[in-house]
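Right, one structure below, let's go through it.
The values are calculated or read from the model by the stated rules, or taken from the named source; none is laboratory data. What you are looking at is a predicted structure, and each value in this text was computed from that prediction instead of being measured. Glycine gets a Cβ as well: all are built from the backbone with ideal geometry, and neighbour counts include every protein chain shown.
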Amino acid sequence: MIQTGSRARNQRVDRFSDLDIELIGTAAPALAGDDSWAAPLGNQLVSIHLANEEDDEPDWPTYLIVLAGGRKVDLTLAGPERITRMIEGGLDELYQRGYLVRLDKTGLTDGLPAAAGPPVGSGPTELEFVTNEREFWFEATQVPIYIARGDLWPAQLRMAELRSLLLEMLQWHTRLLSTRPVDTWHNGHHIGEWLAPAYRDRLPELFAHHTREDLARALRAATELYADAVAEIAAAHPLPDLRLLPAVTEHINRILQFSASPQ
């Protein structure tokens with residue numbers, strides 16, 4: 001049994017912090033889908049089992065529980081390979097941040113390397129950089145179409161995808177332009193700590209009310225922020241700037257102007 005997360009690191013722990021536990025053994029994955037064995041943990045408010053079978057998901061099933069008192073418990077149900085892979089190939093990002101072996105009856109974890117601290121993310125390859133640019137600008141051309149139709153829910157979903165691509169670019173911006181190693185975390189966690197103030201102060205502009213006008217405003221804010229980040233990276237590193245902001249802005253304005261015209 002291995003504990004990970006903030007409580008294992010004893011960092012950023014507050015009353016809301018999850019309890020992250022990995023149950024590792026040959027029979028552990030067989031517990032997936034069964035609620036009964038977790039009953040001693042306490043009364044449950046709600047729980048879900050995740051098979052995690054997609055390419056971008058963890059390799060092992062997980063069991064997520066919210067106890068009646070509000071504590072969230074994340075249980076990973078993994079086979080011994082979970083540990084042997086890291087003994088042979090090094091710790092993954094989660095374990096690099098810190099872990100505690102709470103119980104090991106077989107000595108499986110004896111060869112597990114010590115945690116070295118937060119991983120320092122690398123910059124993108126040229127292909128990764130250009131792929132992000134193309135996907136961002138493509139999404140930016142589609143949002144105004146939904147706004148023009150008054151189809152605001154999918155417009156909001158497209159904006160969420162746009163922000164995801166922007167977040168990745170901002171992580172690269174921080175890693176590539178900082179004078180020291182910076183932990184950019186994941187999913188935007190602690191972004192107020194690692195993002196340059198000039199960009200951090202513009203983040204509220206990226207989120208819109210559920211109206212055509214505010215979605216259009218947030219879209220323009222996102223494209224301008226993205227273009228600024230790309231330009232600064234490209235000025236300092238041999239990575240290409242597609243410089244699509246003017247053309248995409250013209251497209252956005254044309255679509256939204258058309259939607260405002262009498263039919």
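Below is a table of values for the structure above.
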{"read-out": "Single condition Pro118 does not satisfy, out of (1) in contact (Cβ under 8 Å) with a residue 40 or more places away in the chain; (2) in contact with a helix residue (DSSP H, G or I) (Cβ under 9 Å, 6 or more places away or on another chain); (3) in a loop (DSSP other than H, G, I, E, B); (4) in the same structural domain as Gln11 (by TED's automatic domain parsing)", "value": "(4)"}
{"read-out": "Residue ID - modelled with the highest pLDDT, chosen from residues in segment 117-140 that are exposed (fewer than 15 other Cβ atoms within 10 Å of the Cβ) and among the aliphatic types (A, V, I, L, M)", "value": "Leu127"}
{"read-out": "Tally, over segment 65-84, of residues that are more than 13 Å from Glu22 (Cβ to Cβ) and under 24 Å from the mean Cα position of the chain (by Cα)", "value": "5"}
{"read-out": "Tally, over segment 14-56, of residues that are in a loop (DSSP other than H, G, I, E, B) and over 20 Å from the mean Cα position of the chain (by Cα)", "value": "11"}
{"read-out": "Residue match in segment 31-43 (condition: of a type in the set (S, T, N, Q) and at pLDDT 90 or above)", "value": "yes"}
{"read-out": "Tally, over segment 189-205, of residues that are assigned to a loop (DSSP other than H, G, I, E, B) and among the aliphatic types (A, V, I, L, M)", "value": "2"}
{"read-out": "Residue tally, condition farther than 18 Å from Ala155 by Cβ and either polar (S, T, N, Q) or buried (at least 17 other Cβ atoms within 10 Å of the Cβ) (or both), over segment 242-263", "value": "4"}
{"read-out": "Any hit, segment 194-216, residues being basic (Lys, Arg), free of Cβ contacts under 8 Å to residues at least 60 places away in the same chain and under 18 Å from Leu245 (Cβ atoms)", "value": "yes"}
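Residues are listed down the side, and each one gets a yes or a no for (1) touching a Phe, Trp or Tyr at 6+ places or on another chain (Cβ under 8 Å); (2) more than 18 Å from Thr131 (Cα to Cα); (3) loosely packed, with under 15 Cβ neighbours inside 10 Å; (4) not assigned by TED's automatic domain parsing to the domain that holds Arg97:
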residue: Trp153; (1), (2), (3), (4): no, yes, yes, yes
residue: Trp185; (1), (2), (3), (4): yes, yes, no, yes
residue: His190; (1), (2), (3), (4): no, yes, yes, yes
residue: Tyr199; (1), (2), (3), (4): no, yes, no, yes
residue: Ala234; (1), (2), (3), (4): no, no, no, yes
